[in-house]
Amino acid sequence: MAEARGSDKVLEVGCGSGLISRNLVPRVRDVLATDINPFAVSMVKEYGIPVIRADLFRGIKAEFDLVIFNPPYLPTSEEEKTAGWMNFALDGGESGRETIKRFFEDLGSHLTPGGRALILLSSLTGIAEVEKMAYGLRFDVSVMAIEKHFFEQLYILKLQSWHL
């Protein structure tokens, strides 16, 4: 991951299996992983990565140089919701942006000055609406990568707080 710097203190929100955190551990100063799913947290602990069970930033008081998030971004109707923990990984709410909005609202207080965030999104989520939401919360947004798939495009957006 080109965005990661050796001096970075990194938070991976919604770490799932911990693949990204495992790849970052040897490349950055510190990594903390979180997930709301207790089974994901148990799995990541087995890799020796510091991990806590949390809903987004709840209970986290620290600031980070880099925050990474692969949110549930798919628009999900009530009929499409599933039982169990996997629903938290997939259910982005009716617009696909409900969890993303909550993440953006707390992100600024968890970034160091000059800190960045990377977030993975789908074209199905409404990229223009996500960018507008981020701008409204005083973040600069840039597209770092786009990957085309059969029914969607995936985007990695980079967010940074405005400098006043």
*Return the sequence-ordered ³J(HN,Hα) values of region 25-34 in whole Hz as given by the Karplus equation 6.51 cos²θ - 1.76 cosθ + 1.60 applied to θ = phi - 60°, using x for Gly and Pro.*
3, x, 10, 10, 5, 9, 10, 10, 10, 9
*Going highest first, how would you order 46-55, 146-155, 23-32, 5-14 by mean Cβ packing within 10 Å?*
5-14, 23-32, 46-55, 146-155
*Please go through the residue pairs LYS9/LYS101; LYS101/LYS158; LYS9/LYS132; LYS61/LYS132 and name each one whose alpha carbons sit more than 20 Å apart in this structure.*
LYS9/LYS101; LYS9/LYS132; LYS61/LYS132
*Please identify which residues in region 1-20 have an amide N closer than 20 Å to a label point set 7 Å out from the Cα of ASP30, following the Cα→Cβ vector.*
4-15, 20
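Computed from the coordinates by the stated procedures, all read-outs in this text should not be read as laboratory data. Keep in mind that what you see is a predicted model, and the values were worked out from it rather than measured. Quick reminder, even Gly has a Cβ in these numbers, built from the backbone with ideal geometry, and neighbours come from all protein chains shown.
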